[in-house]
Amino acid sequence: MNKPFMPRLVYFEPNALEYPLGQELKEKFDKLGIETRFTTSHNQVRNLPGDTDAQKYRIAKTTLVVGIRKTLKFDTSKPSAEYAIPLATGCMGHCHYCYLQTTMGSKPYVRTYVNVEEILNAADQYIEERAPEITRFEAACTSDIVGIDHLTHSLKRTIEHIGQTELGRLRFVTKFHFVDHLLDAKHNGNTRFRFSVNADYVIKNFEPGTSPLDKRIEAAGKVARAGYPLGFIVAPIYLHEGWEEGYRHLFERLDEELPQDAREDITFEFIQHRFTKPAKRVIEKNYPKTKLELDEEKRRYKWGKYGIGKYIYQKDEEDEIKSHLYGYMEKYFPNAKLEYFT
Ligand code: SF4
């Protein structure tokens, strides 16, 4: 994806127009000649175009719904933060393995919420409750927020808001390189900007509709030069022919691009590929030709919440992954911090 996301169809909740951002978005899409419609609730958009389920799914991914976030109770977001801050839901990317496919079910359209001030007030309350502890908010739990933010700037507002707090921290992760409007945000060092990166094979085969790796790395360089604390999530770490070389090459490219002074405060998060039985069913339906290996027999079962376990790599494979990735991290970024491997 070389151009920023532009929806083909936009739905508005009527009340969204009572907020400045709602108004602004309506005017913007009208000017651009993009079809807009109204819907009673962002949770129930009916009559999405498309004859088959597959068509509906694809069209939904290019549809934006502009609504109001009614529940201001934030979900928890372990292990990377205390709370998920809900600025948007859904994503226009087509990563075959994406967990949003299972969590969003029949609503794969992209939703953005215009009551940003109310969401930020709720965040302030959470910070206050935990004081004097630091409170971290994750903004990319239910969407790739950077991929939509050129339209709304709600992430930018959030970065600046959290920048003014003493005890609030913000983090998010993205597979998109459209970061320019975020470079001058007054983040005050309170936002950790993370990029999701992977071996070429994984990006090429399983991440259609996202930015190429080189663009992500280039954007990471810009973000580092803008003084943001930086992080990388390598996920899903996926075994394929030549994977050792593929991941080594990834680290080499990061090493070539990142300025020296940004390296003192870099974090890594490593997540091996996993799937659940329900996810496998949805992936096979949405991406029937995927090469993604989803064979339970080859994997190790790990018990999970609500009785839905995950299939992860065998212990010896997991040890191999750890040994290679830890090795690359230590070689190329000796001062980086590993936040977790899961
Ligand atoms: Fe899912 Fe992230 Fe890919 Fe979007 S970019 S489809 S949120 S994995």
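No lab work stands behind these numbers, since they all come straight from the coordinates. Because the structure is a prediction, the values reported are computed rather than measured. Please note: Cβ atoms are built from the backbone with ideal geometry, for glycine as well, and neighbour counts cover all protein chains shown.
Miscellaneous remarks
- In the range 52-80, the residues that are aliphatic (A, V, I, L, M), outside any helix (DSSP H, G or I) and buried (at least 22 other Cβ atoms within 10 Å of the Cβ): Leu64, Val65, Val66
- Residue within the range 242-258 that is away from the ligand (no atom under 16 Å from the Cβ), charged (D, E, K, R), surrounded by 15 or more Cβ atoms within 10 Å (Cβ to Cβ) and over 20 Å from Lys175 (Cα atoms) present: yes
- Members of the range 74-118 found to be without any contact (Cβ under 8 Å) to a residue 60 or more places away in the chain, at negative phi and within 9 Å of the ligand (Cβ to nearest atom), listed by number: Cys91, Cys98, Leu100
- Residue match in the range 215-229 (condition: in contact (Cβ under 8 Å) with a residue 60 or more places away in the chain and either crowded, with 22+ Cβ neighbours inside 10 Å or within 25 Å of Lys78 (Cβ to Cβ) (or both)): no
- Residues of the range 139-196 satisfying the condition of being without any contact (Cβ under 8 Å) to a residue 60 or more places away in the chain, outside any loop (DSSP other than H, G, I, E, B) and within 16 Å of the ligand (Cβ to nearest atom): Ser143, Val146, Asp149, Phe172, Thr174, Phe193, Phe195, Ser196
- Of all residues making up the range 21-51, the number that are assigned to a helix (DSSP H, G or I) and either without any contact (Cβ under 8 Å) to a residue 12 or more places away in the chain or closer than 11 Å to Thr63 by Cβ (or both): 5
- When the criteria are applied in full, Ala131 meets the requirement of being of a type in the set (A, V, I, L, M) and without any contact (Cβ under 8 Å) to a residue 40 or more places away in the chain.
- Each residue in the range 263-303 was checked for being under 22 Å from the mean Cα position of the chain (by Cα) and more than 25 Å from Lys204 (Cα to Cα), and 2 pass.
- Filter result for Glu207 (under 21 Å from Glu82 (Cα atoms), crowded, with 17+ Cβ neighbours inside 10 Å and not polar (S, T, N, Q)): no
- Some residue of the range 237-256 being of a type in the set (Lys, Arg) and in contact with a Pro (Cβ under 9 Å, 6 or more places away or on another chain): no
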